[in-house]
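The values are calculated or read from the model by the stated rules, or taken from the named source; none is laboratory data. If you're wondering where the values come from, they're calculated on a predicted model, not measured in any experiment. Methodologically, a virtual Cβ is constructed for each residue, glycine included, from the backbone with ideal geometry; neighbour enumeration extends over all protein chains shown. Surface areas here come from the heavy atoms of the whole protein model, side chains and all, with no ligands, DNA or RNA. Shrake-Rupley method; radii C 1.70, N 1.55, O 1.52, S 1.80 Å.
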Amino acid sequence: MIKHVFLTGPPGVGKTTLVQKACEALVSSGHTVEGFYTQEVRDGGRRVGFDVVTVDGQRGPLSRIRDMAAASHGGREFTVGQYVVDLSSFEHQVLPLFRKAAAADHRRVFIIDEIGKMELFSQSFIRAVRNILDSCTVLGTIPVPKGKPLALVEEVRKRDDVKVFTVSKENRDSLLPQILSVLQECSS
C-alpha cells in the first residue's frame, strides 16, 4: 500500500510550489501538516543561497554562497558547488519537527522538501527520515538521479510504499489533484 508521495524533477520545475499547494489543500481538508521546505534566497536578482522554512513559518539558513557564508569557526565545512551548508542551522530547524511528528498521531502529513545533497550531510537528518517513513505519511521531494547516486534518495525511491511523481513544465499544473488523491488515501 502506498503511504508516501515524493516529487522529483529538474531544479526550478515547480516541485516546491506543488508541495506548498498540496499543504494548503490538505490543511483545508482537515489534515495536520508539519515539516519544512527549502526556498531560494535572492539578493539583487542573484541566488545567494537557500533557507529552510517550516510549515508554520520559521526560517533559518540552509546554505549561502561562499562570500556570504558565516565563518566556519574551525569546524568541517560542507559545500555543494558554490554553496556552504550551515549544518547547525539546518539541524536546529528540522530535527525537532521530526521528533514531534514521530510522537504524534498518524493522521498527519510530514513535508520533507528536500532530501538532497545539502541535507544529506546531516547523519541525524538521515536517521530522522528513515524513522519518519515508518511513522506517518510523507510528502517530499527528491532530486533527479545524476552523477553518483545518493544512497538515501535511492532507498526512498525503491520503497514499496512510495509513489514518485516526476514533475515537468508540461505536467506541473495538472499533478496536484493526483498528488492529493494519493495523499488522502495514505493518511486516512
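Quick rundown of the values:
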{"item": "Selection from Leu180, Ile112, Thr8, by position along the positive dipole direction of the chain (Cβ)", "result": "Thr8"}
{"item": "Accessible-area ranking of Tyr37, Tyr83, largest first, probe 1.4 Å", "result": "Tyr37, Tyr83"}
{"item": "FRET efficiency for Ser174 and Arg107, using Cβ-Cβ distance with R0 set to 30 Å, rounded to 0.05", "result": "0.65"}
{"item": "Count of lysine pairs in the chain with Cα separation under 12 Å (8 or more residues apart, or interchain)", "result": "4"}
{"item": "Antiparallel bridge percentage (DSSP; both residues within the chain; nearest 5)", "result": "50"}
{"item": "Global geometry of the chain, whether rounded, prolate or oblate, following the gyration tensor of its Cα atoms and the 1.5 cut on a/c", "result": "prolate"}
{"item": "Computed magnitude of the charge dipole of the chain (debye, nearest 20; Cβ of K, R +1, Cβ of D, E -1)", "result": "320"}
